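See below for the structure under consideration.
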Amino acid sequence: MLFEVQNKMVSSEIFSRYFSCDYKMCKGACCVEGNGGAPINEDEMGLLELHLDKILPYIHLEGKRKIEKDGFFYSDWENEKATQLVHGKNCVFSQKTEEGTIVCGIELAFLNNKIPFNKPISCQLYPIRVQNLKNGAALNYHEWDICKAAILLGEKNKIPVYQFLKNAIINAFGEEFYKELELIDVEWQEYSKKPPKQ
């Protein structure tokens, strides 16, 4: 089922599915696995270019070398921009902690007050994926094998996808958008409790 919110089509799965990242289990695998780098928009491109020198101390040496050689982004087959990968796997902006968890160097720089912005919104919003449409956008839930632990933790604590992503959704679409999602969730919960028609 889809809901329309501010010219955006929102899947009911962001209300019905549960999710909560469990970094102890996944070790930040989303920064390594996948078919390409993290999608980045034009605004993020400009910010990354402007603040790149402040981010570089927070990323892995191989990432720095890749950026020095090929830049921090590439264009995919649809001419969309994405972060470069090291050896076709790790995002160039990734870093490994002493515990072996992969973390985002952009986010580390942001949390250390070195830059005024966080990691790409495509990363912040996962497991919601945004598809740009002619007259708006579609927000869909995406399920990935490497996030099984996040699904289990979300189910255990009863955290719907949209609630887990509250800050990211507000960053991307504003507080009013999120408030509308909350209202829809109330309606959705009531609808879900109704017995099926015979």
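The values are calculated or read from the model by the stated rules, or taken from the named source; none is laboratory data. Note that the structure is predicted; figures quoted are calculated from it, not measured. Neighbour counts are summed over all protein chains in view; Cβ atoms, including those assigned to glycine, are modelled from backbone coordinates with ideal geometry. Accessible surface is based on the protein model in full, side chains and every heavy atom, while ligands, DNA and RNA are left aside. Shrake-Rupley method; radii C 1.70, N 1.55, O 1.52, S 1.80 Å.
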Legend entry - Residue ID - most open to solvent (accessible area, probe 1.4 Å), chosen from residues in region 56-82 that are within 28 Å of Q131 (Cα to Cα) and hydrophobic (A, V, I, L, M, F, W, C): W77
Inset, instruction - Mind listing whichever residues of region 110-121 are crowded, with 20+ Cβ neighbours inside 10 Å and either of a type in the set (K, R) or out of contact with any Lys or Arg (no Cβ under 7 Å at 6 or more places or on another chain) (or both)? - result: K119, P120, I121
Inset, instruction - Within region 131-156, track down each residue that is in contact with a strand residue (DSSP E or B) (Cβ under 7 Å, 6 or more places away or on another chain) and either loosely packed, with under 14 Cβ neighbours inside 10 Å or of a type outside the set (A, V, I, L, M) (or both). - result: Q131, G136, N140, Y141, H142, G154, E155
Inset, instruction - Name the residue, out of H142, H87, that is of a type outside the set (A, V, I, L, M, F, W, C), without any contact (Cβ under 8 Å) to a residue 60 or more places away in the chain and touching a Phe, Trp or Tyr at 6+ places or on another chain (Cβ under 8 Å). - result: H142
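Here's a check for you: in region 76-97, which residue that is of a type in the set (S, T, Y) and at pLDDT 90 or above is farthest from A109 (Cα to Cα)?
Initially, region 76-97 is screened for residues of a type in the set (S, T, Y), giving 83, 94, 97.
With at pLDDT 90 or above added as a condition, the list becomes 83, 94.
Working: T83: 17, S94: 11 Å.
For region 76-97, the residue satisfying everything is T83.
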Inset, instruction - Output the number of the condition that A29 fails; it satisfies all remaining conditions of (1) open to solvent by less than 30 Å² (accessible area, probe 1.4 Å); (2) in contact with a Ser or Thr (Cβ under 9 Å, 6 or more places away or on another chain); (3) within 23 Å of Y162 (Cα to Cα); (4) of a type in the set (G, A, S). - result: (2)
Legend entry - Matching option when the condition is surrounded by 15 or more Cβ atoms within 10 Å (Cβ to Cβ) and under 16 Å from Y162 (Cα atoms), among M1, M9: M9
Legend entry - Meets criteria (at pLDDT 95 or above, out of contact with any Phe, Trp or Tyr (no Cβ under 6 Å at 6 or more places or on another chain) and of a type in the set (D, E, K, R)) for E155: no
Legend entry - Pairs, first within 19 Å of Q131 (Cβ to Cβ) in region 25-42, second in a strand (DSSP E or B) and of a type in the set (D, E, K, R), C-beta under 9 Å, six or more apart: G37/K81; P39/K81; I40/K81; N41/K81; E42/K81
Inset, instruction - Evaluate region 121-128: report whether one residue or more is free of Cβ contacts under 8 Å to residues at least 40 places away in the same chain and in contact with a Pro (Cβ under 6 Å, 6 or more places away or on another chain). - result: no
Legend entry - Single condition I159 does not satisfy, out of (1) closer than 27 Å to D22 by Cβ; (2) open to solvent by 50 Å² or more (accessible area, probe 1.4 Å): (2)
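Need a quick list: strands (runs of 3 or more DSSP E) entirely within region 86-198 having at least 1 residues that are closer than 20 Å to N35 by Cβ and aliphatic (A, V, I, L, M).
Working: elements: 94-96, 102-104, 128-133, 136-141.
By residue number, 102-104, 128-133, 136-141.
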